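Any read-out appearing in this document is the output of simple, stated calculations on the displayed coordinates, not a laboratory observation. Fair warning: this is a prediction, and the values are worked out from it, not measured in the lab. All Cβ positions, glycine included, derive from the backbone under ideal geometry; neighbour counts span all protein chains shown.
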Amino acid sequence: MNKSYVVIAEVRSGKLRQVTLEALQAIAIAKEDGDLVAAIILGHQISHIAEQLSQYVSGQIHVIDHTDLEIYNAESYFTAIQQVLDTLNPHAVFLGHTATGRDLAPMIAAYLHAGQLSDVISIEKSETEVRYTRPLYAGKAFEQKKFTGGPQVVTVRPNNIAATDPLDSQAEIITIAYSPPSLLRTIVKDIIRKTSGKVDLTEAKIVVSGGRGVKSIAGFKPLQELAEVLNGAVGASRGACDAGYCDYALQIGQTGKVVTPEIYIACGISGAIQHLAGMSQSRIIIAINKDPEAPIFKIADYGIVGDLFVVVPLLTEEFKKALA
Ligand code: FAD
């Protein structure tokens, strides 16, 4: 019998998040021919995003558009998703391993009595099984797991699985009326964004990160300029955050954000194990450090021994010329 796969689409700042297309690709790998693929998208004034999403989904798109869903709130979102899940009876639900996905996934798994695999970075399918790979021990080891049955809930780490391509056909868009819960135990009053970068750190293709070696708030400026030229995002080590050079929203590592960009440029970062936990899966790592013995060079693909305040502006100038 054909099974039903559902992706919970994520919208941020009025845009569809890239990780939703990556989750759809994960479904494309995991499912069998003939299985159904549907999406649930929630928010306010999101019809244009649902239209965009419809190019990537073969089945139906369930749109729940309501003022209460403009800002993420676990209770409201879960109530809305629950309404659709009841009709879809999914075999598997896929989400991004983002703050929202990590919050919703266990609630959905509990509701469906499903098994859950989180933070999946790759999926392999053989004739007999589907294997999901996820990092362990802050990225020092990996485990491969498989489900023994359904229902299943999977969260996919951003930037690890290639995004799905648009399909030849468009999905049917179905509008679902939202019935708010009679009592919300919490209400989100406002969101105060701590970062002003144009590119989301966890989805950036290029991250320029600063450590204690940047020495001051002003020391981050050359890094911001390099990130701007490369259309990347700025990150930081906890050393830099603890020293007050930047906001903790930029922290990458075991107790910060996990990033897997195509290029990670570590400037004045020593390479402590807790920092590596958040960036070691990056495709190419470039380290700039004035200490040739810095541990970061052990995992770097390219290393530049030098003063970051000399090297970073030179890189910015050269990239500006090359990209002009
Ligand atoms: P340092 O280790 O002080 O390194 C600074 C580097 O800058 C040095 O290598 C130096 O040679 C270089 N440098 C100095 N000046 C220049 C210059 N002008 N040009 C070039 N290079 C220069 N850390 C994280 O990053 N993320 C986490 O999530 C995290 N979680 C943690 C959780 C726990 C429980 C614990 C105990 C620690 C955690 N840490 C985390 C902290 C971690 O152990 C390190 O202390 C921290 O990563 C060090 O930051 P840093 O590399 O910027 O600083």
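Data for the structure
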{"read-out": "Residue 4 long-range amide H proximity, modeled H, under 5 Å", "value": "36, 91, 92"}
{"read-out": "Cα-centre dipole for the stretch 4-175 with unit charges at Cβ (Lys and Arg positive, Asp and Glu negative), debye to 20", "value": "660 debye"}
{"read-out": "Against the rule of thumb 2.2 N^0.38 Å, how large the Cα Rg of the stretch 4-175 comes out", "value": "0.96"}
{"read-out": "Amide hydrogen neighbours beyond the local backbone of residue 116, cut-off 5 Å, H modeled", "value": "153"}
{"read-out": "Ranked list, fewest to most other Cβ atoms within 10 Å of each Cβ, for 153, 7, 37", "value": "37, 153, 7"}
{"read-out": "Whole-Å distance, taken between Cα centres, linking the stretch 53-86 and the stretch 206-258", "value": "34 Å"}
{"read-out": "For 309, 94, 220, order by how many other beta-carbon atoms lie within 10 Å, fewest first", "value": "309, 220, 94"}
{"read-out": "Those lysines that a straight Cα-Cα span of less than 20 Å connects to residue 320, excepting residues fewer than 8 apart in one chain", "value": "198, 205, 221"}
{"read-out": "Neighbour-count ranking [beta-carbon atoms within 10 angstrom, fewest first] of 132, 302", "value": "302, 132"}
{"read-out": "The stretch 4-175: relative contact order as a whole-number percent, Cα under 8 Å and 6+ apart", "value": "31 percent"}
{"read-out": "Phi to ³J(HN,Hα) by Karplus 6.51 cos²θ - 1.76 cosθ + 1.60 over the stretch 22-32, Hz, x for Gly, Pro", "value": "6, 5, 5, 5, 4, 5, 4, 6, 6, 7, 9"}
{"read-out": "The stretch 156-196: equivalent-ellipsoid semi-axes (sqrt of 5 x gyration tensor eigenvalues, Cα, Å)", "value": "31, 24, 11"}
{"read-out": "By average C-beta atoms within 10 angstrom, highest first, the peptides 242-249, 25-32, 266-273", "value": "266-273, 25-32, 242-249"}
{"read-out": "Whether the chain is rounded, prolate or oblate, judged on the alpha carbon gyration tensor where a/c under 1.5 counts as rounded", "value": "prolate"}
{"read-out": "The stretch 282-324 versus the stretch 87-119: alpha-carbon centroid distance in Å", "value": "39 Å"}
{"read-out": "Förster radius 45 Å - calculated FRET efficiency between residue 107 and residue 272 (Cβ-Cβ, nearest 0.05)", "value": "0.85"}
